[in-house]
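Visitor: Just passing along the structure, written as structure tokens.
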Amino acid sequence: CQDRPGVAPADSAGLCRAVKEAALQSDVVVVSFHWGTEFSDYPTQSQRRLAHLAVDSGALLVIGHHPHVVQGLEVYQDAVIAYSLGNFIFDQGPRHGGDKSVMLNAELSKDGVELMILTPLVIENCQPHIAEPDRAWSILERLIQVCEPLGTHLFMDVDEGSAVLALD
């Protein structure tokens, strides 16, 4: 409803219209979706269609949240889609991996995503912390695993304990 605040429904026509309008008024459009199946390792086909539609309409970065676990990233039409980065301050403990997350650091320009670095986090007592090396590697290895079916390649930065997304 346009006469009161709220969350926009994820219908195709409304999404296209909103993203195209935002692209006319901005240098960079980032779209955030609350979507997905809790504790699922992979996005649904419906999520992938909506993410692609957002990019086709002008978004350079799409970030999803809700599954409480880290899902894969996809490079589509020179844009990046992060289907789920996991939890940030929501503490579920180790149940289904809900205590593992990644922080996304993106450099964006009018031309697209210039750089994307993913830093592993652990959630303890409702607070995110940069993961210690042993846990960081296991989080990054899982992230690489869930990116593979999406055709996305990540490279681990041994010195920094992070992953860099290959944008080429």
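Visitor: Output the residue which, of all residues in the range 96-121 that are outside any strand (DSSP E or B) and not acidic (D, E), is farthest from V69 (Cα to Cα). Lay out the reasoning, then the answer.
Guide: We begin by selecting, within the range 96-121, every residue outside any strand (DSSP E or B); these are 96-99, 110-111.
Filter again for not acidic (D, E), leaving 96-98, 110.
Numbers: H96: 8, G97: 6, G98: 5, K110: 30 Å.
Across the range 96-121, the extreme among qualifying residues is K110.
Visitor: Of all residues in the range 62-108, how many are under 20 Å from V164 (Cβ atoms), among the hydrophobic types (A, V, I, L, M, F, W, C) and buried (at least 18 other Cβ atoms within 10 Å of the Cβ)?
Guide: Result for the range 62-108: 13.
Visitor: So E38 passes all but one of these: (1) of a type outside the set (A, V, I, L, M, F, W, C); (2) without any contact (Cβ under 8 Å) to a residue 60 or more places away in the chain; (3) touching a Phe, Trp or Tyr at 6+ places or on another chain (Cβ under 9 Å); (4) not in a helix (DSSP H, G or I). Which condition number does it fail?
Guide: For E38, the failing item is (3).
Visitor: Here is a list: V70, V7, V62. Which entry is within 20 Å of P149 (Cα to Cα), at pLDDT below 95 and among the aliphatic types (A, V, I, L, M)?
Guide: Numbers: V7 fails: within 20 Å of P149 (Cα to Cα); V62 fails: at pLDDT below 95.
Only one candidate qualifies: V70.
Visitor: Taking interchain pairs and intrachain pairs at least six residues apart, which have beta carbon atoms under 8 angstrom, with the first residue in the range 15-32 and touching a residue at least 24 places away in the same chain (Cβ under 8 Å) and closer than 20 Å to E114 by Cβ and the second surrounded by fewer than 16 Cβ atoms within 10 Å (Cβ to Cβ) and basic (K, R)?
Guide: D27/K110; V28/K110
Visitor: In the range 130-151, how many are open to solvent by 70 Å² or more (accessible area, probe 1.4 Å) and farther than 14 Å from G97 by Cβ? Steps first, please.
Guide: Going through the range 130-151, the residues open to solvent by 70 Å² or more (accessible area, probe 1.4 Å) turn out to be 130, 132-135, 141, 145, 148-149.
Still in the list and also farther than 14 Å from G97 by Cβ: 130, 132-134, 148-149.
Of the residues in the range 130-151, 6 are open to solvent by 70 Å² or more (accessible area, probe 1.4 Å) and farther than 14 Å from G97 by Cβ.
Visitor: Given the residues A59, A54, which is the only one that is in a loop (DSSP other than H, G, I, E, B), farther than 23 Å from L140 by Cα and open to solvent by less than 30 Å² (accessible area, probe 1.4 Å)? Can you show your working first?
Guide: Working: A54 fails: in a loop (DSSP other than H, G, I, E, B).
Unique residue meeting the criteria: A59.
Visitor: Restricting the search to the range 1-23, which residues are touching a Gly at 6+ places or on another chain (Cβ under 8 Å) and surrounded by fewer than 13 Cβ atoms within 10 Å (Cβ to Cβ)? Walk me through how you get there before you give the answer.
Guide: Kept after step one, since they are touching a Gly at 6+ places or on another chain (Cβ under 8 Å), are these residues of the range 1-23: 8, 19-20, 22-23.
The answer is A8, and nothing else.
Visitor: Answer with yes or no whether H68 is on the phi > 0 side of the Ramachandran plot and not in a loop (DSSP other than H, G, I, E, B). Give the steps one after another, and end with the answer.
Guide: Details: on the phi > 0 side of the Ramachandran plot: yes; not in a loop (DSSP other than H, G, I, E, B): no.
So H68 does not fit the description; no.
Visitor: How many residues does the range 115-129 hold that are in contact (Cβ under 8 Å) with a residue 24 or more places away in the chain and surrounded by fewer than 16 Cβ atoms within 10 Å (Cβ to Cβ)? Step through it out loud before you land on a result.
Guide: So the first thing to find is which residues in the range 115-129 are in contact (Cβ under 8 Å) with a residue 24 or more places away in the chain, and the list is 115-121, 123-128.
In the following step, the residues that additionally are surrounded by fewer than 16 Cβ atoms within 10 Å (Cβ to Cβ) were identified as 115, 124-127.
Total meeting the criteria: 5.
The values are calculated or read from the model by the stated rules, or taken from the named source; none is laboratory data. For clarity, every value in this text was computed on a predicted model and none was experimentally measured. Here Cβ is always computed from backbone atoms with ideal geometry, including for glycine, and neighbour counts include all displayed protein chains. Surface areas here come from the heavy atoms of the whole protein model, side chains and all, with no ligands, DNA or RNA. Shrake-Rupley method; radii C 1.70, N 1.55, O 1.52, S 1.80 Å.
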